[in-house]
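The values are calculated or read from the model by the stated rules, or taken from the named source; none is laboratory data. Given the structure is predicted, the values throughout are model-derived calculations rather than measurements. We place every Cβ from the backbone using ideal geometry, glycine too, and count neighbours over all the protein chains shown. Protein only, heavy atoms only, side chains kept; ligands, DNA and RNA dropped before computing areas. Shrake-Rupley method; radii C 1.70, N 1.55, O 1.52, S 1.80 Å.
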Amino acid sequence: MTPPPAHAGVVPELVVEDVTVRFAGLVALDAVSFAVAPGSTHALIGPNGAGKSTCFNVVSGVYRAASGSVRFAGAELTAARPHEVAALGVARTFQNIALSARLPVRDNLMLGRHRLTRSGFVSAGLRLPSARRESVRHGARVAQIAEFVGVADVLATPVGLLPYGTQKRVELARALCMEPRLLLLDEPVAGMNGEERREMAELIVSVRESLGISILLVEHDMGMVMRIADTVTVLDFGRRIAGGPPEEVQRDPEVIRAYLGESREGAS
Amino acid sequence: MSRRTRWIASAAVWGAVTAGAVAAPFYLEGFWLQTGLFAMSAAVGAIGINLLTGATGQLSLGHAFFLAVGAYAYVYLSSDVGLPTPLAAVLAVAASGVAGGLFSPIAGRLKGAYLGIATLALIFGGQHVLFNAETVTGGYNGRAVPPMELFGFVFADSPEVVVFDVPFGSLERLWFLGLVVLGCAALFARGVLRGRPGLAMNAIRDHEIAAGVMGVPVARYRAGVFVVSSMYGGLAGVLVALVFQRVVPDYFGILLSLDYLAMIVIGGLGSVAGAVIGAAFVSLLPQLLTRYGDALPLVAAPGSGGVSPAEAARILYGAAVVTVVLFLPGGLLGLASRLRRAIPRIKELRWANSAPEPASRR
Amino acid sequence: MTTFVELLVNGVSVGAVYALIALGFVVIFKATEVVNFTHASLLLAGGYLIARLHPVVGFWAAVSAGVAGAAVVGALVEFLVIRRGRVGSHGVLAIVTIGVDILLTTELTRQIGTDVLAMGDPWRDQVVRLGPVTIAETRLVALGVAAALIVAFLLAFKFTGWGVAMRATAEDAETAALMGVRLGRVSLSAWAVAGGLAAVAALFLCVFPTPGLDRSTAAAAMKAFPAAILGGLDSTTGALAGGLIVGVTETMMSGYQGQLAFLGRGIGDAAPYLVMIAILLFRPAGLFGTKEPARV
Amino acid sequence: MAGEAGLEIRDLSVRYGPVRALREVGLTVPRGAVVAVLGANGAGKTTLLRAVSGTLRFHRGGVASGSVFFGGSPLPASPAAVVARGVIQVPEGRRVFGRMTVAENLRAGALGVRDRAAAAGARERVLTLFPVLAERAHQRAGLLSGGEQQMLSIGRALMGCPSMLLLDEPTLGLAPMMAARIAATIGEINAQGTSVLLVEQNAATALALASHAYVLEVGEVALSGPAAELAASDEVRRRYLGVGTPETDRPVGIGSGRTLPRWTA
Amino acid sequence: SGKAVGGSPTAGGDGVKTGPGVSATTITVGVLTDLTGPYASLGKSLTQAQQLYFEQANAAGGACGRKYEVVVRDHGYDTQKAVAAYTEIGPKSAAIPQFIGSPMVTALKQRIDGDKMLTIPMAWATSLLGSRAIQVTGTTYDVDMINGVDFLVKEKGIKAGDKVGHLYFEGDYGESSLNGSKYAAGKLGLEIVEQKIKATDQDMSAQVAAFKAAGVKAVLVSVGPRQAASLVGVALAGGMDVPFVGSNSAYAPQLLDTPAAPALLKDFYVMTAGAPVSAPMPAMQKLVADYQAKYLGQTLDNAVPTGYSAAMIVDEAIKKACTAKDLSHEGILAAHRSQAAFEGGFGTPMDFTFFDKPSSRASYILKPDKAAVGGSVIFKEAAVSDLARDYPVPVG
Ligand SMILES: Nc1ncnc2c1ncn2[C@@H]1O[C@H](COP(=O)(O)OP(=O)(O)OP(=O)(O)O)[C@@H](O)[C@H]1O
Ligand SMILES: Nc1ncnc2c1ncn2[C@@H]1O[C@H](COP(=O)(O)OP(=O)(O)OP(=O)(O)O)[C@@H](O)[C@H]1O
Ligand SMILES: [Mg+2]
Ligand SMILES: [Mg+2]
């Protein structure tokens, strides 16, 4: 486990406490609690339908929790709406790609800058110098992030024409464009092959290294989780069934029964 | 091709367009000037609805209502309240914005077909008010529109002005006002679309939840775009009232709203140039046909049985909507850019350099 | 009190006709997610056929021919226009239907000219008396037909393969094709059905309390918009409920316009839209419509 | 080849407008076999399946040249006709009908099946395979979790009683246990006589299941051969089996090369 | 440029001062009509009648040594199109013998006045009075309704204290009519029960219920033919057997082929200033014969003589202006306004010297009749009621 980098002080802790989410006749999350330590990578794993994405949705303000609390940077997130959560520096990617298919990659990434930029209808409409400066400055940063993520050469291509894996990368880049303090990644390597997975894993690690931010990760690729996560929380049927360092969790019989299955080799 | 030559080429094109537009009143007769002015007003309104429907994906069938608010507010504020006409015009546009804002509980919450049909309520409710609030609206017969007066210059037939031997009546004078208004409206909308708000609008259209998570306050933006779009409607209303010199409630009906939708689709969804091209097409086509209908084959003189010019105009209009949408994805604008690509020499004049196929933003 | 009952009964009876119009509208929306502005002209086409044919072949044969003919028109619209439009966006297709409607309506009104065409129905101006209240026989029949058709479509959408295929196609044509759905056929049948329904609606729209079919008949299709939305655009039950609500609101407001003079005379026309707005504020998908599932 | 009346793709080239996505691809799935297709993102795997199912036109693409044979005769270009021949695809990215219930989704999968008994049998099999689908029969599919949707997507295809199954990343987003279940199921279905063309990023699983495999690179077949042979090849081991095998497991992060400077507002 | 100043009235070769629309050989008259909108049937009859008139006039040598040329523009009852059409044909027309739609005329009132263009609107609302260039022919709607109420009281047993329903269209037509009925009711001690509808309303059941509830003894009808038919039909079927009196636009002969026919034939009357085509007048019979010869098998309704006589009014004005050697707009208008007792052979004489009063106050009372040409016959000859004679007409 890598120790939190020195500059982790600026990144607040995410605390999820007793969060319960219900849908008509279904408890998707049942009093779930965990915390993401500043600057760490925290993995959320569990069988399909365990409530992982629901958890993301609660944190990012898309779903309302029936009870419980989510705190980040001194704010209560359960009552906040998505854009208010975003304003606190929480960014996420989506399990099912949610990009504007017809827009070029650059525009999709610029959307990530929304919370960091100011120009409104009037200043954009009148092309005030402030708006121009802003777009130049943030455009440069977008290019830098695209370069980092490896989508610089498709900046002008409409996203819809890109293959699935590249779209996933654009998703990550867009989240990074929000300059997050907490990054939520929902299955970032789904649909990628071995080499691409490794690249993506490296990318995620360098994100954390270079920015010192916290990452909350949902992933079914156990190999990857084992290698990049500092802490793991395991959900099953909406309940937290285990948590701790990856090696420990991996050996937990409950986790093996509910999630990993007896023969881990065959399933990885 | 270097940036510089491209810049020069585009400057040349725009120069030619501007020169043509400025020279028009010296050569065109009143009928054409009036038609042109209607087209300009339609273009302003179409730009507004394109912001809403094209860029944000919010269908509106109620746009005519905002034209009505602008037109009537201008009349009321200038003749009844007695405000100077330019101030009345500005306040009329603001009034349309307020009307749009009042609708935001609906506009922020509904989308797609539901919003579209919900906005029909504006048309029917609005017309009900226009017909009944006679003291303000003049009821069924509407009201006369006081001419605009800017720095002592009156946009009316009298006092007589003759420029280069050409008598400058209200239409000739309004022509220039229309050009300026349209130019400003178009530039503003282009700025909005290419800037931060435009991205947020597109994001809402494509993926509402993702837009929210990216930090866009979705409901507020929807309502905001609705307000901006209604202000464009109001501005178009003021302009059309000035050209018309009369406002009547019947004009601001469902057909007008549908025309606006047709304009943006024919021209090209989501772009300013598309809205302008579509508006020109939709406003000019029927006029051309009624004017020159006699010369067309298969079109019979009105009153003689057979397909009358008005019917032919409707049929052609309907056919144009169908054909353009089906066979020219991206509208007339898309066709134009495809032609430009097909003809290499003209290609050098491209003023929209990036954005290939799905021209959804410009 | 009698007036109230009379207005209520009248409202329900007008509402039945609106429900019929709204139903055709809903069928297309459910099957293709297109807001079908062509419905007005399909209505006109169906009505025109019935009106022109009944003197020649008799009423019932004319109705069958009208339904069949309007179905063919609907199918042709699909085949010649909608199918060619690989536009993707349902909003844009809706605008295509505006174009088609303009085409059809212009030609049909030209054909109808300045005539008022009777439908030659057997009910003529007979009324049924329920105590002090009278109600036109035509309207009772309309109510029955509307209810029957709505139940039939409700069942068809839920339980037949055709219904499932239709809804699947509406949602995701490519995947539906991967399930073996013949997209062309499904869409064609939906439009044909909508055409047939429009003819039935046109029949009841043009019989007794109104004098017959003329060029302004198509305007009544506008009433179906608030009706369809009120009930929920994708709900057949909603079409019935919405139609009845619009009918009753309109009739009540007109009937009591003396007492409601402060709202302005002629409030009957605007009132359904106001009710619609009020309902949408609380139920953005209408009374029976399904909400978009929102999850990521 | 041994392709007695299986799926045979001959010299297939596909374009999306100006983009050439496949170039002269040849591939055979003998009857009753499992054949895997591997390849990087954008290699053209999905495109290959689209070409077989006839859905390229939904993406403004088309077959430029080449042909697809099934059971000895050419496959028609219409998706419905392809399904009628028993060739059924599980598309990439789940694509469940979100507004319809789970039960209706399954119903949609069986639209092409005339034989009621067969449909009932298929339903039985799907529900035992994915019990969660029975539990959620009346929930709208759009609200299922990602993995549940994936199960529904596979289940829906099985409802069509396929004689040839095209699977585009069937284990995408599935938990390890469920992925293993799917793998086992594929084996089972295959054993019952259904041929399978499997596009899968999880190369280990794919190569374990398949008898034969192809590797696509930028629209062309770069490698092909018996699965066991490919699994042993260095190239394949490095590129497609990379992560997840202990041997290549090296600490990542440190020295990964790239860094992103911080943003200073 | 081609638009340079010029084109003020100039003297032609024959010493006649000419103006817009008048050349050395032709006189252009503009027709602004509705052939595709809600008033298409009216527009068609009027336009065909006028084309017939000017053809005949040309055959008889034209006017002032020139031939008439008729330019028809169809605005489909759309104000914007009407304004555009006026902008187009205004500068090249000598007069406008037909302009359909009171909102359209009102919208252009100022310009018509400014252009001094003799214009005959085909709408009879009082709001069109008060303009020198605009000539409303015959009675206005309110006068018809006053005569109608008078008829109800005198012949249909309505008496002070009774309630009379009035179903009217939103807009000038309806509201002008309502003014008349209210005036008459006020004078005669009746109570008017109002029901306002829109042109798109088709089914009058609710209105009948309301009238029934109010206990009206008669109903005035200032709506379109369809609505009138629906009203009468529903009322009768529901057992409300009262007399109905309609404005001149509330009836069309086409309705006699619909199920509403029996109700219309029973107790329904139409008030109108012009004689019906079935009237036994020589001029009318000739017109009917000519029209039927030219427009074989086309509906012949009472709009035909209306349009024909409007064309005649314009023709007369131009001929008079010719004798004064002034075919400018002003000349034509002055000639027109000098006629105090115009009689075209189609009904009551008209006085054009005042432009703030209806040119006549006498209404015929017609009754639908299936056998008659044009679908109606004179029930009572044209007469001015005392009430109508003293009625102060509101202007503008
Ligand atoms: N909006 C909703 N309405 C109803 N049920 C929902 C909704 N969102 C999620 N669910 C249900 O809640 C449960 C948890 O879903 P969630 O998406 O959180 O699972 P997950 O852990 O992300 O699974 P996967 O790994 O398959 O993505 C699922 O059974 C799902 O059907
Ligand atoms: N609709 C389209 N228009 C243009 N190009 C396309 C389109 N769809 C795919 N492509 C291009 O075709 C190539 C092959 O794409 P395809 O989706 O078949 O790849 P894949 O192997 O399935 O990738 P992945 O593993 O990411 O799913 C890619 O380069 C992609 O950019
Ligand atoms: Mg999930
Ligand atoms: Mg793929």
Considering residues that are more than 17 Å from E:LYS380 (Cα to Cα) and of a type in the set (Gly, Ala, Ser), the number found within the range E:259-297 is 7
Open item on the list: Any residue at all in the range A:161-179 that's more than 8 Å from chain D (Cβ to nearest Cβ), within 16 Å of ligand 3 (Cβ to nearest atom), in contact with a helix residue (DSSP H, G or I) (Cβ under 6 Å, 6 or more places away or on another chain) and touching a residue at least 60 places away in the same chain (Cβ under 8 Å)?
Closed with: no
Restricting the range D:131-141 to residues that are more than 10 Å from chain A (Cβ to nearest Cβ) and open to solvent by less than 40 Å² (accessible area, probe 1.4 Å), the one nearest to ligand 4 (Cβ to nearest atom) turns out to be D:ALA141
- Quick check: anything in the range E:274-288 crowded, with 24+ Cβ neighbours inside 10 Å, within 12 Å of chain C (Cβ to nearest Cβ), touching a residue at least 24 places away in the same chain (Cβ under 8 Å) and touching a helix residue (DSSP H, G or I) at 6+ places or on another chain (Cβ under 8 Å)? no
Does the range A:75-85 include one or more residues that are of a type in the set (Ser, Thr, Tyr), away from ligand 2 (no atom under 16 Å from the Cβ) and either at pLDDT below 90 or assigned to a helix (DSSP H, G or I) (or both)? no
Filtering helices (runs of 4 or more DSSP H) wholly in the range B:164-283 for at least 1 residues that are among the hydroxyl-bearing types (Ser, Thr, Tyr) gives B:170-194, B:218-244, B:254-267
Point to revise | Residue within the range D:156-175 that is of a type outside the set (D, E, K, R), within 22 Å of D:GLY93 (Cβ to Cβ), at the interface with chain A (Cβ under 10 Å from one of its Cβ atoms) and away from ligand 3 (no atom under 16 Å from the Cβ) present | key: no
Checked the range C:87-109 for anything modelled with pLDDT under 85, at the interface with chain B (Cβ under 7 Å from one of its Cβ atoms) and open to solvent by 20 Å² or more (accessible area, probe 1.4 Å); matches are C:VAL87, C:GLY91
The residue from C:VAL27, C:VAL67 that alone is open to solvent by less than 20 Å² (accessible area, probe 1.4 Å) and of a type in the set (Val, Ile, Thr) is C:VAL27
Of those in the range E:30-52 that are of a type in the set (Ser, Thr, Tyr) and at the interface with chain C (Cβ under 9 Å from one of its Cβ atoms), the residue surrounded by the most Cβ atoms within 10 Å (Cβ to Cβ) is E:SER45
Over the range C:204-224, the set of residues open to solvent by 10 Å² or more (accessible area, probe 1.4 Å) and without any contact (Cβ under 8 Å) to a residue 40 or more places away in the chain is C:SER216
* Determine whether the range B:330-337 contains at least one residue that is over 30 Å from E:LEU296 (Cβ atoms), outside any helix (DSSP H, G or I) and at pLDDT 60 or above. => yes
Counting only helices (runs of 4 or more DSSP H) entirely within the range E:166-270, those with at least 3 residues that are more than 7 Å from every other protein chain (Cβ to nearest Cβ) and surrounded by fewer than 24 Cβ atoms within 10 Å (Cβ to Cβ) are E:172-188, E:261-267
How many residues of the range A:28-50 are more than 16 Å from ligand 3 (Cβ to nearest atom) and within 14 Å of chain D (Cβ to nearest Cβ)? The answer is 3
Given (1) touching a strand residue (DSSP E or B) at 6+ places or on another chain (Cβ under 9 Å); (2) more than 16 Å from ligand 3 (Cβ to nearest atom); (3) of a type in the set (D, E, K, R), A:GLU134 misses just (1)
Exactly one of C:GLY74, C:GLY47, C:GLY58, C:GLY11 is open to solvent by less than 40 Å² (accessible area, probe 1.4 Å) and out of contact with any helix residue (DSSP H, G or I) (no Cβ under 9 Å at 6 or more places or on another chain), and that residue is C:GLY58
Flagged pairs (Cβ under 8 angstrom, 6 or more apart or on separate chains; first in the range D:28-46, closer than 8 Å to D:HIS212 by Cβ; second within 16 Å of ligand 3 (Cβ to nearest atom)) are none
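Tell me which helices (runs of 4 or more DSSP H) are completely within the range D:35-112 and hold 1 or more residues being open to solvent by 10 Å² or more (accessible area, probe 1.4 Å) and more than 24 Å from A:GLY191 (Cβ to Cβ), or say none if there are none.
Where helices (runs of 4 or more DSSP H) fall fully within the range D:35-112 and carry at least 1 residues being open to solvent by 10 Å² or more (accessible area, probe 1.4 Å) and more than 24 Å from A:GLY191 (Cβ to Cβ), they are D:79-84, D:102-109.
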Next on the checklist: Among the residues that make up the range A:199-216, is at least one of them buried (at least 24 other Cβ atoms within 10 Å of the Cβ), more than 14 Å from ligand 3 (Cβ to nearest atom) and of a type in the set (S, T, N, Q)?
Outcome noted: yes
task: Looking only at the range A:121-133, decide whether some residue is more than 16 Å from ligand 4 (Cβ to nearest atom), touching a residue at least 12 places away in the same chain (Cβ under 8 Å) and closer than 30 Å to A:VAL70 by Cβ.
output: no
Per the filter on the range E:125-159, residues within 14 Å of chain B (Cβ to nearest Cβ) and either in contact with a Pro (Cβ under 9 Å, 6 or more places away or on another chain) or hydrophobic (A, V, I, L, M, F, W, C) (or both) are E:ALA125, E:THR126, E:SER127, E:LEU128, E:LEU129, E:ILE134
Within the range A:57-83, residues surrounded by fewer than 24 Cβ atoms within 10 Å (Cβ to Cβ), in contact with a strand residue (DSSP E or B) (Cβ under 8 Å, 6 or more places away or on another chain) and within 12 Å of chain B (Cβ to nearest Cβ) come out as A:TYR63
Conditions (1) more than 14 Å from the chain's Cα centre (by Cα); (2) more than 16 Å from ligand 2 (Cβ to nearest atom) -> D:TYR240 fails only (2)
C:ALA192 meets each of (1) open to solvent by less than 10 Å² (accessible area, probe 1.4 Å); (2) assigned to a helix (DSSP H, G or I) with one exception, condition (1)
Note on B:THR119: of the conditions (1) over 17 Å from B:ALA219 (Cα atoms); (2) buried (at least 22 other Cβ atoms within 10 Å of the Cβ); (3) β-branched (Val, Ile, Thr), unmet is (1)
Scanning the range A:237-249 residue by residue, those buried (at least 18 other Cβ atoms within 10 Å of the Cβ) and more than 20 Å from the chain's Cα centre (by Cα) turn out to be A:ILE241, A:ALA242, A:VAL249
Here the residues within the range D:218-265 that are at pLDDT below 50 and either on the phi > 0 side of the Ramachandran plot or open to solvent by 50 Å² or more (accessible area, probe 1.4 Å) (or both) are D:GLY244, D:PRO246, D:GLU247, D:THR248, D:ASP249, D:ARG250, D:PRO251, D:GLY253, D:ILE254, D:GLY255
